[in-house]
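First up is the structure itself, then whatever we jot down about it.
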Amino acid sequence: MYQIDFNKPIHVYFCGIGGISMSGLAEILKSRDFAISGSDMKESEITEGLRAKGMTVYIGQRATNVGDDIDLFVYTAAIHEDNPEWTAATDKNIPKLSRAELLGEIMRNFSLPIAISGTHGKTTTTSMISEALMSADLDPTITVGGILPSIGGNIRVGHSDFFVTEACEYTNSFLSFFPKVAIILNIEEDHMDFFKDIDDIRASFTKFSALLPKDGALIINGEIENVDKITEGLDCSVYTYGIGEAYDYCATEVSLDKNGYGSYTLHSPKGEAKVTLKVPGMHNVSNSLAAICCMDVCNVPREQTLAALSGFSGVDRRYQYKGDLAGVTVIDDYAHHPTEIRSTLTTAKTTEHKKLWVVFQPHTYTRTKAFLDDFAKALSVADEVVLADIYAAREKNTIGISSKDLMDKVKALGTDCHYFPTFDEIENFLLENVSPGDLLITMGAGDIVKVGESLLGI
């Protein structure tokens, strides 16, 4: 595999440079004096920003974009061998790395790379850790899967030994990484278009754990079923965390206030402490335990960690307050898996409101089909459910699933559910039916956020 050395800058070409992850990696390399060029299918704020930083960005993917001076070709999972730029790179014998492989190679250049994995909670936990490192003036390099307000985006280029990144299990991407500290937040069925079953997923996380060096550390949710099967035989240090008293890092006396914000007593090898959070839900209590353990492993002073957590108000699209619509509170949330939906709606139930509305956009046909009953059960926590069409993402509907199927399942559970094929119809329905004091959550990994923003005029 081609190895990246920060001390030996080269010319790297990014096929699909306008993506949120690819653009971040391009920025990191550019900061180390690498020459960067790339292409994307359309103009965006991201492509404009990359040009402003001195990178060459082509719109449209053509063989002629791939010049003879390119040393390395980087691509995403969306790029196939019939892509003209891929073909050109092959014809010119230019070495290739996938996005995940490049991220792994970048990690090699840091002495303290931290990788946060799990089916849910990666972005929030990565952000918590990032905030703590910045609070301690440790100048980390950060790549996160959402928009973190304190860094004004998804990327921060630092100049210390710390590198913080999400580690996604999809297509086994995280097996290309080289972490020193790794976190496993949870392991559940997801991405069933790639994995065969839960055992296949667990096997992938087990391989991820085995990547850690002897002087590294694994931080793992002790509530994961058969957690010992994941950790057995590891040479690195292992720390468990969870709610209760059976773990290395545990939370007791947990309470949620009227906003759903958690507070608890922390018990750990480094002593007890009172922890207060500014993000809602029991799932964020759990995420904060992982973050605290990570900071202890990295020798960040406990008081700075707790101060950072107490001021952390979340990431865009993670239970994000969007505004007030004539007395109706509008929240947006990225949840697109049944467990995430249930956590978000359960949290919402603890806050002050009259009726809880959720406007849900299912994400991918395969996920909707695989978890149809689970989606219905999770959504039924709400008082009223409104469904948009399925957000296809990378897929075509070859399996004959639709939001109408989900609507029927939700109705069968006794929850009012409505389906509309367009956002305009959804907005009109909401305007006619929501009332002051109601809580309205737009939910999903696609573009459903536009519904709430349109209603609010933002």
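The values are calculated or read from the model by the stated rules, or taken from the named source; none is laboratory data. What you are looking at is a predicted structure, and each value in this text was computed from that prediction instead of being measured. We place every Cβ from the backbone using ideal geometry, glycine too, and count neighbours over all the protein chains shown.
Quick test for you: out of TYR365, TYR319, TYR419, TYR391, pick the one residue that is among the aromatic types (Phe, Trp, Tyr), closer than 21 Å to VAL279 by Cβ and crowded, with 17+ Cβ neighbours inside 10 Å.
It is TYR319.
I'd like to know if the range 421-431 contains one or more residues that are touching a Leu at 6+ places or on another chain (Cβ under 9 Å) and outside any helix (DSSP H, G or I).
No, the range 421-431 contains no residue that is touching a Leu at 6+ places or on another chain (Cβ under 9 Å) and outside any helix (DSSP H, G or I).
Just checking, which of ILE79, ILE36, ILE116, ILE46 is touching a helix residue (DSSP H, G or I) at 6+ places or on another chain (Cβ under 9 Å), farther than 21 Å from PHE163 by Cα, aliphatic (A, V, I, L, M) and not in a helix (DSSP H, G or I)?
ILE79
Checking the structure you have, find out if any residue of the range 86-97 is modelled with pLDDT of 95 or more, in contact with a strand residue (DSSP E or B) (Cβ under 7 Å, 6 or more places away or on another chain), under 24 Å from ASP296 (Cα atoms) and not in a helix (DSSP H, G or I).
no
Name the one entry in SER21, SER44 that is touching a residue at least 12 places away in the same chain (Cβ under 8 Å) and buried (at least 18 other Cβ atoms within 10 Å of the Cβ).
SER21
Output yes when any residue across the range 397-414 is part of a loop (DSSP other than H, G, I, E, B), surrounded by fewer than 16 Cβ atoms within 10 Å (Cβ to Cβ) and without any contact (Cβ under 8 Å) to a residue 24 or more places away in the chain, and no when none is.
Yes.
Name the strands (runs of 3 or more DSSP E) wholly inside the range 224-334 in which the number of residues that are in contact (Cβ under 8 Å) with a residue 40 or more places away in the chain, under 21 Å from the mean Cα position of the chain (by Cα) and in the same structural domain as THR351 (by TED's automatic domain parsing) is 3 or more.
328-333
For the range 214-247, name all the residues that are hydrophobic (A, V, I, L, M, F, W, C) and buried (at least 21 other Cβ atoms within 10 Å of the Cβ).
Those that are hydrophobic (A, V, I, L, M, F, W, C) and buried (at least 21 other Cβ atoms within 10 Å of the Cβ): ALA217, LEU218, ILE219, ILE220, ILE224, ILE230.
I need the full set of residues from the range 53-76 which are surrounded by 14 or more Cβ atoms within 10 Å (Cβ to Cβ) and under 18 Å from TYR2 (Cβ atoms), in order please.
Residues satisfying the conditions are VAL66, ILE70, ASP71, LEU72, PHE73, VAL74, TYR75, THR76.
If we keep just the residues of the range 67-81 that are modelled with pLDDT of 95 or more and not hydrophobic (A, V, I, L, M, F, W, C), which is nearest to SER21 (Cα to Cα)?
Across the range 67-81, the extreme among qualifying residues is TYR75.
What number of residues within the range 186-217 satisfy the criterion of being of a type in the set (Val, Ile, Thr) and touching a strand residue (DSSP E or B) at 6+ places or on another chain (Cβ under 9 Å)?
Total satisfying the criteria: 1.
So CYS250 fits all but one of (1) surrounded by fewer than 19 Cβ atoms within 10 Å (Cβ to Cβ); (2) in contact with a Ser or Thr (Cβ under 9 Å, 6 or more places away or on another chain); what number is the exception?
(1)
Select from the range 437-451 the residues that are part of a loop (DSSP other than H, G, I, E, B) and in contact with a His (Cβ under 8 Å, 6 or more places away or on another chain) and write down the one among them that is surrounded by the fewest Cβ atoms within 10 Å (Cβ to Cβ).
GLY437
For the range 133-180, what are the residues that are polar (S, T, N, Q), assigned to a strand (DSSP E or B) and more than 26 Å from MET1 (Cα to Cα)?
ASN154
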